[in-house]
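Below is one structure, written out as C-alpha cells, with a few remarks after it.
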Amino acid sequence: MYNIKSKIRKNGIALMALSLGALSTGCLTSCGKFLDIEPQNEITIDNFWNEKSDVEAIIAGCYSQMQSFAIISRMMIWGEFRSENVVYTDPNDKDLNLKKILKENITANNAYTAWGDFYSIINKCNTVLKYAPTVAEVDPSYSQSQLKADIAEATAIRSLCYFYLIRTFRDVPYTETCYEDDSEEGENKQKLAIPAKSFDEVLALLISSLEEVKDNALESYPDNKSDYYKFYNTGRVTKWAIYSMLCEMYLWQKNYAKCVEYAKLIINRKKEEIKSNKNYLESDFTNWGGYPLIGTRYRNQNNSYGQSFNEIFVKGNSIESIFELTFIKDSDDKQLSNGPYSDFYGGIGHDAWVNASSYVSLDEPNATYKVYDKQNKGLDIRPYENMIWAGKDSPYRIGKNTSKSGVMIYAAPSANNFWSMAQWSNQYETHLHNNVAESRNKANYIFYRLSDIMLLAAEATAQMISQESGDLTSESDIEKRDYAFSLVNAVNKRSIAQQELKDTLVVTNYNTKETITDLVYEERHRELMFEGKRYFDLVRRSQREGDTKYLAKKCANKDTNLQSIIESKMKKMDAIYWPYNLDELKVNPYLKQNSAFGSGENSSFEAN
C-alpha cells in the first residue's frame, strides 16, 4: 500500500451578525503595511468607518480568517477528500469526523458540514461594501479609485466564499446585506433565517457582481518599499484573480466561450510578466508551445528536474501564481502556520491523518500505471513531487506542501531510474514548545495558478465541440480539439523528465469529443493533485452530463473495500453534494435537508 507524504457551533447566518469587535486580531501577513493593520476591538459604528484604514482593517480580517484552520480545512476536505486521491490512515483516530468523510459515511452532524466561518467572512465583506462609500465621504485621502478597488476586493472575497459553498452544498442562503446588530426588536430586527437560493441562481449573481467590479480591481500593487511587497500581487485579490474566478465560474455555468475569453486574457498577461522578469529566459517557456510555464529543468543542470515545483510550491508566489494565501514570518519573527496541511498530510512529530490512495500512488516505474500513465513512459516527475517515500515497507506520504518540499529528480538518459535527493529547503520550520520541537507549515494555499487556468480553458474548448460522438469531421471541431490539446500538451510536456524534449501525447489519439474531454480531466488530475480541486472537477462533470457515472466510478477507486458502497451511494445526483448541518436546520426553518441524507442524522449506510 502507498500513502501520501471543535469549536462551539453557531448558525451560519447568525455568525454573520458577529460584531466588528469580534474580528480576528491577526491579519494577512503577506502585504506589508496592509498586514500590520490590526482589526480593532470594541468597535462601534460611531467611532469606526471614519478613515480608509478602517476599511483596510476589515479587509485584512477577511484574509486572516481565510487563513484559519476552519476555512482551509474545509476547502481541502470539500474540494478533495471525497475523490479517489486520499484515504484515512491516522492510527490514533484524532479526527473521527474526518475519518467518516473519508469512509464516505457523511452525516449532517459532522463538524465539517458547518459553514458558519464562511458566512462570517461574507458578512465582513458585506460590511465593507456598505460602509466604504461613507468613509470616502469623510476621509479626503480616500480616493475614488481606492474605494472602487476596495469594493472590488471585498466583492471578490465574498464571491469566492459563496463559490465554495455552492460547489459543496449546491443550494445555499445568499445575501448581500451585512448583519450588524441582533438586539433590535419588532420591524427593525434583522431577519437572519433566509431561504436557500439555487446553485444556478447564486452562480449567476456571483458572475454578475464580479463583472461589475472587475475593471476596478488593481492590476498590480504599487511598490511601497515594504519587505512584503513581492507578495502583494499574488497574496491579495487583483484584476487577474477576479478574471480567474470568472473563468472558472463561466465553465460551471456552461458559458464556455466566456471561460476561454478570460483564460486567454490571463495567459497573455502571464506572457508579458514572464518576458519582463529578468529571472527567466524566453527559452524557459518556448519549449511548452509558447505558453509561459516555468521550465522543469534547471538551466545550469541539464539533467536536474524540479524547478517548476520548487518555484510554485517551495518558494511560493511564483510567476505562475495568480492568487494564493501566503504564510510567512511576521514582524515579530513568528511563523504563521498552515495547520490543515500539517495535520492532514503529516509533520514533524506526528503521523499523517490522510495519505495517497494506492490508486494514485501506483505509478512508480515497473508498477501499475493508473494516473501518471504509460503515455509518459514513467518520466512524469509529478508522482515524485506529490508523494514522498516514507521508508522501507511504508507507504508514500503526500509530499506536495508538506514536510518535504519535494524531491530533486535526476533522470538517467536511457532508463526510468529516479533518485530522491533531499536538497531543497524544508517547508516546515520547527520551534520548541514545552521543550518539544513542533512543526509549523508555511505552505501557501493556492486558489489559482496558470496551469489550472489553461486546463479550465481546455475543458471549455472541448465542450464547444459540436459533434457529440464519433471521429471529428468538421474543420471547426478539429480546430477546437487542437487548441484544447495544445493547452493540455504544454502542461504535460513541462512535467516530463527527458534529455531531449519531445511530446509524449499524440493529438490524433483524441479524435472524439469524449476522448479529448477525458484527456483534459486526466491532466487536471495529474497536475492539480492534492490541491483541493479534484472532487469539484468531478462534481462539475456530473452537473454537465446529468448523471454521476464518471464521478462514482472514479471516487470508488480510492479503496477496494469501499468500492461497491461508494458506487452505490453516489448513483444519486443529490448524494454528490453535502448535507446541511443539523444546527443550521434547527435555526433556519427555510432550509430543506438534502434528500440523499434523509433526516441527516444518519447516512444511508455505515462504513467501518
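Things worth noting here:
- Amide hydrogen neighbours beyond the local backbone of residue 530, cut-off 5 Å, H modeled: none
- Close amide-amide hydrogen proximity is noted between residue 448 and 322, 323, each under 5 Å apart and 5 or more residues distant or on a separate chain (H modeled in the peptide plane; Pro and chain starts excluded).
- Residues in the range 124-141 carry Karplus couplings, in order, of 4, 5, 4, 5, 4, 5, 7, 9, 4, x, 5, 4, 4, 6, 10, 10, x, 7 Hz; the curve used is 6.51 cos²θ - 1.76 cosθ + 1.60 with θ = phi - 60°, and Gly or Pro positions show x.
- Flagged links, alpha-carbon separation over 28 Å, of 271/554; 278/493; 239/533; 442/592; 480/554; 214/554: 271/554; 442/592; 214/554
- Applying the Karplus relation 6.51 cos²θ - 1.76 cosθ + 1.60 with θ = phi - 60° to the range 585-594 yields 3J(HN,Hα) values of 5, 5, 9, 10, x, 7, 7, 10, 4, 3 Hz, where x marks Gly and Pro.
- Efficiency of FRET from Cβ geometry, residue 109 and residue 281, R₀ 45 Å, rounded to 0.05: 0.20
- Rounded to whole Hz, the Karplus (6.51, -1.76, 1.60) HN-Hα couplings of the range 147-161, x for glycine and proline: 4, 5, 5, 5, 5, 5, 5, 5, 4, 5, 5, 4, 5, 5, 5
- Percent of Cα-Cα distances greater than 18 Å, calculated over the range 128-270: 64
Bear in mind that the values in this text are calculations on the coordinates, not laboratory data. Model, not experiment: these values are computed from the prediction. Every residue, glycine among them, receives a Cβ derived from its backbone with ideal geometry; neighbour counts consider all protein chains shown.
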